[in-house]
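A.B. asks: One structure, as structure tokens, below. Some questions next.
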Amino acid sequence: MRTITVHASQTYPIWIERGLLAQCGALLRKQTKAQTAAVITDDHVDAIYGDTVVQSLEQNGFHVLKFVFPHGEASKCSTTLNQIYDFLCENNITRTDCLVALGGGVVGDITGFAAATYLRGLDYMQIPTSLLAQVDSSVGGKTAIDLPGGKNLVGAFKQPVAVLCDPDTLQTLPKEFLADGMGEVIKYGMIRDAELFALLEQHTLENVAEVMEEIIATCIDIKRDVVEHDEFDTGERMILNFGHTLGHAVESYYHYETYTHGAAVAAGMCMMAEKTCAAEIYQRLCNCVASYGLPTSVEAPMDQLVPLCGNDKKRASASLRFIVCETIGAAQIRTMPFGEFAVWMGGTRA
Ligand code: NAD
Ligand code: GLY
């Protein structure tokens, strides 16, 4: 078993190994004195992995409760959150009990936020089952729900007590979501790791499973390093947003229907690289993105995308901060007045 330890406001292990899910009870037992573990999951994941997790927790002395909500981003909302609070209250969950997030990023984000806020905070463990959740959302302590006015607008930083990552769970993940997660994986190669990028170039969506455990561990370690330097997202952590400025604009332009997040980020990375990289690097990125079934560009005209880049409510000022990678493996944060960015990207001034 590989263990990566995150040293943030809370120090915690990330365990990575194929088949680890069935050991979650024994591993969590080492991290908490909780008597009750409340598993929060969605209906898809529950149907495949719910029993394994509940059994393992029970065998290791936990009293186990389970709350299941419908899968999908639409569930990452205040209605589901209130249902989780009610469930915890009805079952007399105390601050010394713990939550277990079993699922993709939606489950992880809402469970983490419930853990940050219920009774002013209790322990939670992440068991990510989608690629995106394994390489990104389960690590680093960002938790959130969406509002009708935008994604992730209410949230908190709350580190888990442990993350358990079983790459075997990806065998049941629909291919669309595997490709989606690969968008973020390619991003890690671009921002920090030319060797990872080269490994990705040697594989495709069809055979990447052969090296998945190594890829996951590499990505998690990059995220660990970034989070340790900037847990609260005031500087370096922004490099994780490479491809996201244009990617968010793409998602928003197509009303979150046409492109998954990872696909939009992939297109966003390529569009940014076209502006900032040498032709050979831009081409390598496009080839890599395409070999994982992801788009390298979108039909939406740049002059309509650029104004949407500014629709981030977390934006500090009239300036836009965005990430560029001039070479593979190195990212820089750039700041530009928004109007200048519009002209530079080839859009009209917003
Ligand atoms: P998701 O949680 O909706 O999972 C995608 C789909 O895959 C769902 O239908 C789910 O039921 C299913 N699924 C998950 N694991 C499965 C498995 N092993 N087998 C079969 N089906 C499985 O979406 P996601 O892509 O995992 O995460 C997206 C969310 O993550 C977004 O809400 C995004 O805002 C958030 N996010 C958070 C962070 C962070 O730092 N907190 C970072 C990136 C993304
Ligand atoms: N996914 C971006 C971050 O964790 O900061």
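The values are calculated or read from the model by the stated rules, or taken from the named source; none is laboratory data. Values in this document were obtained by computation on a predicted structure and should not be read as measured data. All Cβ positions, even for glycine, are placed from backbone atoms using ideal geometry, and neighbour counts span all protein chains on display. What goes into the accessible areas is simple: the full protein's heavy atoms, side chains included, and nothing from ligands, DNA or RNA. Shrake-Rupley method; radii C 1.70, N 1.55, O 1.52, S 1.80 Å.
A.B. asks: Could you pull out the residue among Glu195, Glu201, Glu228, Glu184 that is under 16 Å from Lys142 (Cβ atoms), open to solvent by 50 Å² or more (accessible area, probe 1.4 Å) and modelled with pLDDT of 95 or more?
C.D. replies: Step by step, each of Glu195, Glu201, Glu228, Glu184 is checked, and only Glu228 is under 16 Å from Lys142 (Cβ atoms), open to solvent by 50 Å² or more (accessible area, probe 1.4 Å) and modelled with pLDDT of 95 or more.
A.B. asks: Something else about it: Would you please list the contacts, defined by Cβ atoms under 6 Å and residues six or more apart or on different chains, that run from a residue in segment 118-142 that is closer than 14 Å to Ala217 by Cβ to a residue that is aliphatic (A, V, I, L, M) and away from ligand 2 (no atom under 14 Å from the Cβ)?
C.D. replies: Leu131/Leu170; Leu131/Leu178; Gln134/Ile216; Val135/Ile216
A.B. asks: Please work out if Leu178 is among the hydrophobic types (A, V, I, L, M, F, W, C), near ligand 1 (Cβ under 8 Å from one of its atoms) and closer than 25 Å to Ala290 by Cα.
C.D. replies: no
A.B. asks: Can you tell me which residues in segment 176-198 are in contact with a Phe, Trp or Tyr (Cβ under 7 Å, 6 or more places away or on another chain) and more than 16 Å from Leu240 (Cβ to Cβ)?
C.D. replies: Ala179
A.B. asks: Shifting gears a bit: For segment 108-157, which strands (runs of 3 or more DSSP E) that fit wholly inside it have 3 or more residues that are among the small types (Gly, Ala, Ser)? Explain how you work it out, then say what you get.
C.D. replies: Values: elements: 123-128, 142-147, 150-157.
Answer list for segment 108-157: 150-157.
A.B. asks: Sticking with this one: Residues of segment 92-107 being closer than 16 Å to Ala162 by Cα, in a loop (DSSP other than H, G, I, E, B) and not small (Gly, Ala, Ser), which ones?
C.D. replies: Result: Thr96, Asp97.
A.B. asks: Please find, within segment 124-158, the residue that is farthest from ligand 1 (Cβ to nearest atom) out of those that are crowded, with 24+ Cβ neighbours inside 10 Å and within 16 Å of Thr32 (Cβ to Cβ).
C.D. replies: Taking the candidates together, the pick is Met125.
A.B. asks: (1) within 19 Å of Thr218 (Cβ to Cβ); (2) of a type in the set (A, V, I, L, M, F, W, C); (3) within 11 Å of ligand 1 (Cβ to nearest atom): which one isn't true of Cys165, the others all being true?
C.D. replies: (3)
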